[in-house]
């Protein structure tokens, strides 16, 4: 009670000082006048937050010069300076008497602003990460937005209908045609010394070259302008990859943000109430639990035949479709959450097709090809995305994906947690060998999360992180030199907090379920819990907890730098 009073009192003093000190001009102009802000006045009107959010989202994008986003040192310095006026505008809005849902929206905007602040002070992806300049994305992510920092003006080729219509071909030609200029600018912008980011960045740029070549074959003859743009962009991408590899030889620095910065990012951007050290402890515990549980499960199943991989098209199609049937039926009959017509198609659209292979296909395919039902639980991701499309949230802040991957612990935590939760709920009671796969999935996520965590503390190099994850993933499903773990550890290095979000988010959801059960007593049901949980939107679990339980101590802890893990 006393701490809450002090926080509110301090906030009131800050607002008063801001109103007194800020010059009440109609707009603030920096440099060439690209960035403008409105007059800053004190307000307790929710509509002021909505207006600020719209202005903020427009401002958070870089300005464009000659058809490409400007990430030059001077442009980023200007953006960093003007960003402070948006912080002042937010601080001048007093949300303390608003309904909880609206207060949460205020915190979401604050977290996004903190994310851009961190990018300017610490991460600086435009200067440190060559992979930031990838423009072409050929597949949809299973989370609300692109994973990791992505350049403004990306091109999602998977969103187009092929063959392309005239307008789509023209737009694509223009966007792809700007890649050579963008990559030329990148050579000036990239000044970082983190070796792992440079070495892995070269791999990402080479992948763009392959993606452009495949796209060129797919759309050949659709448009002469598009054909030419793809050829020129491919050549520029190849040259850029060569340049990165040459420059990487001269980079010898560390790539992690450091454990103190990591903790600040967790608390102030992703709104996770833990420190780097506490997350390491939690992941170590989950890694040990997963391995011990797997060994006990294997002992229990020692008299059963081992699972073999699907090896033909007919079995693949039948088993994967039956897995969706089983998943949907289970969710309905066991009353896990309220079902909607769009959920079955959302899962079924992600079945894919059979791919022959002599060796390992990749970690998740090794799981899928043994029992497809296991990864259908993780497919709650696609139900989440379908819900955002078919049942958009009433809050503008929750209707669109949060910047800086702020949604990660909620999105990845639910998908990871759902695997084990559905196992405990009975989904795999008649598939005992599939239960082993659930524990392998958990072990892999804990191991790779620890690798990413230790990269940011500069304890591991990227290769050491990959080797650790490989060693601690059962059955040799994750070779250290494979594309899966190399890509994941690179991604976690570019996006602090994401590698641990699978386990930490799962933990937070489990804790929330326990709290909600105590609160509701006999009125608690699993269906009520998940319905309430899903209806809050894809926002940090700490904010979901606040809305469902009324408890905001995790948010206050982040602000006051006081953290108490597992506190109820």
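The values are calculated or read from the model by the stated rules, or taken from the named source; none is laboratory data. On a predicted model such as this, the values are computed, not experimentally measured, just so you know. Glycine gets a Cβ as well: all are built from the backbone with ideal geometry, and neighbour counts include every protein chain shown.
Each row is one residue, and each column tells you yes or no for (1) at pLDDT 95 or above; (2) over 25 Å from residue 101 (Cβ atoms); (3) not in a helix (DSSP H, G or I).
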{"residue": "28", "(1), (2), (3)": "no, yes, yes"}
{"residue": "33", "(1), (2), (3)": "no, yes, yes"}
{"residue": "37", "(1), (2), (3)": "no, yes, yes"}
{"residue": "49", "(1), (2), (3)": "yes, no, no"}
{"residue": "52", "(1), (2), (3)": "yes, no, no"}
{"residue": "56", "(1), (2), (3)": "yes, no, no"}
{"residue": "71", "(1), (2), (3)": "yes, yes, yes"}
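Restricting the search to the range 477-494, which residues are farther than 23 Å from residue 404 by Cα and touching a residue at least 40 places away in the same chain (Cβ under 8 Å)?
Residues of the range 477-494 that are farther than 23 Å from residue 404 by Cα, as a first pass: 477-483.
Listed by number, the residues that qualify are 477, 478, 479, 482, 483.
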Problem set entry | Check on residue 290, at pLDDT 95 or above, in the same structural domain as residue 526 (by TED's automatic domain parsing) and buried (at least 16 other Cβ atoms within 10 Å of the Cβ) | yes
Exercise. Just checking, which of 231, 257, 242 is outside any helix (DSSP H, G or I) and out of contact with any strand residue (DSSP E or B) (no Cβ under 9 Å at 6 or more places or on another chain)?
Worked result: 257
Exercise. Name the pairs: first residue in the range 325-339 and in the same structural domain as residue 351 (by TED's automatic domain parsing), second residue surrounded by 15 or more Cβ atoms within 10 Å (Cβ to Cβ) and not in a helix (DSSP H, G or I), Cβ to Cβ under 6 Å, at least 6 apart or on different chains?
Worked result: 330/427
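Restricting to the range 401-412, count the residues that are part of a helix (DSSP H, G or I) and crowded, with 24+ Cβ neighbours inside 10 Å.
Of the range 401-412, the ones part of a helix (DSSP H, G or I) are 403-405, 408-412.
Imposing the further condition that a residue be crowded, with 24+ Cβ neighbours inside 10 Å reduces the set to 404-405, 408-412.
Final tally of qualifying residues: 7.
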For this session: Scan the range 414-433 for residues that are surrounded by fewer than 23 Cβ atoms within 10 Å (Cβ to Cβ) and assigned to a helix (DSSP H, G or I) and report the count.
Result: 7
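Quick one: in the range 290-314, of everything that is part of a helix (DSSP H, G or I) and touching a residue at least 24 places away in the same chain (Cβ under 8 Å), which residue is nearest to residue 347 (Cα to Cα)? Give the steps one after another, and end with the answer.
Initial filter on the range 290-314 (part of a helix (DSSP H, G or I)): 290-300, 313-314.
Still in the list and also touching a residue at least 24 places away in the same chain (Cβ under 8 Å): 290-291, 293-294, 297-298, 300, 313.
Numbers: 290: 26, 291: 29, 293: 28, 294: 27, 297: 28, 298: 29, 300: 31, 313: 19 Å.
Once the filter is applied, the top-ranked residue is 313.
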Problem set entry | Given (1) in a helix (DSSP H, G or I); (2) without any contact (Cβ under 8 Å) to a residue 60 or more places away in the chain, index of the condition residue 361 fails | (1)
Seminar exercise, completed: The one condition residue 218 fails out of (1) assigned to a helix (DSSP H, G or I); (2) surrounded by fewer than 21 Cβ atoms within 10 Å (Cβ to Cβ); (3) touching a helix residue (DSSP H, G or I) at 6+ places or on another chain (Cβ under 8 Å) is (3)
For this session: Determine if the range 190-201 includes at least one residue that is out of contact with any helix residue (DSSP H, G or I) (no Cβ under 7 Å at 6 or more places or on another chain), surrounded by fewer than 19 Cβ atoms within 10 Å (Cβ to Cβ), part of a loop (DSSP other than H, G, I, E, B) and without any contact (Cβ under 8 Å) to a residue 40 or more places away in the chain.
Result: no
For this session: May I ask you to verify whether residue 392 is surrounded by 17 or more Cβ atoms within 10 Å (Cβ to Cβ), in a loop (DSSP other than H, G, I, E, B) and within 22 Å of the chain's Cα centre (by Cα)?
Result: no
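Answer with yes or no whether residue 209 is over 20 Å from residue 170 (Cα atoms) and modelled with pLDDT of 95 or more. Step through it out loud before you land on a result.
Working: over 20 Å from residue 170 (Cα atoms): yes; modelled with pLDDT of 95 or more: yes.
In short, yes.
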Seminar exercise, completed: residue 278 passes all but one of the listed conditions (1) assigned to a loop (DSSP other than H, G, I, E, B); (2) touching a residue at least 24 places away in the same chain (Cβ under 8 Å); (3) farther than 24 Å from residue 132 by Cα; the exception is number (1)
For this session: Of the numbered conditions (1) assigned to a helix (DSSP H, G or I); (2) surrounded by fewer than 24 Cβ atoms within 10 Å (Cβ to Cβ), residue 451 fails exactly one; give the number of that condition.
Result: (2)
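Select, from 175, 210, 251, the only residue that is without any contact (Cβ under 8 Å) to a residue 60 or more places away in the chain, closer than 23 Å to residue 485 by Cα and either outside any helix (DSSP H, G or I) or in contact with a strand residue (DSSP E or B) (Cβ under 7 Å, 6 or more places away or on another chain) (or both).
Working: 175 fails: closer than 23 Å to residue 485 by Cα; 210 fails: either outside any helix (DSSP H, G or I) or in contact with a strand residue (DSSP E or B) (Cβ under 7 Å, 6 or more places away or on another chain) (or both).
The match here is 251.
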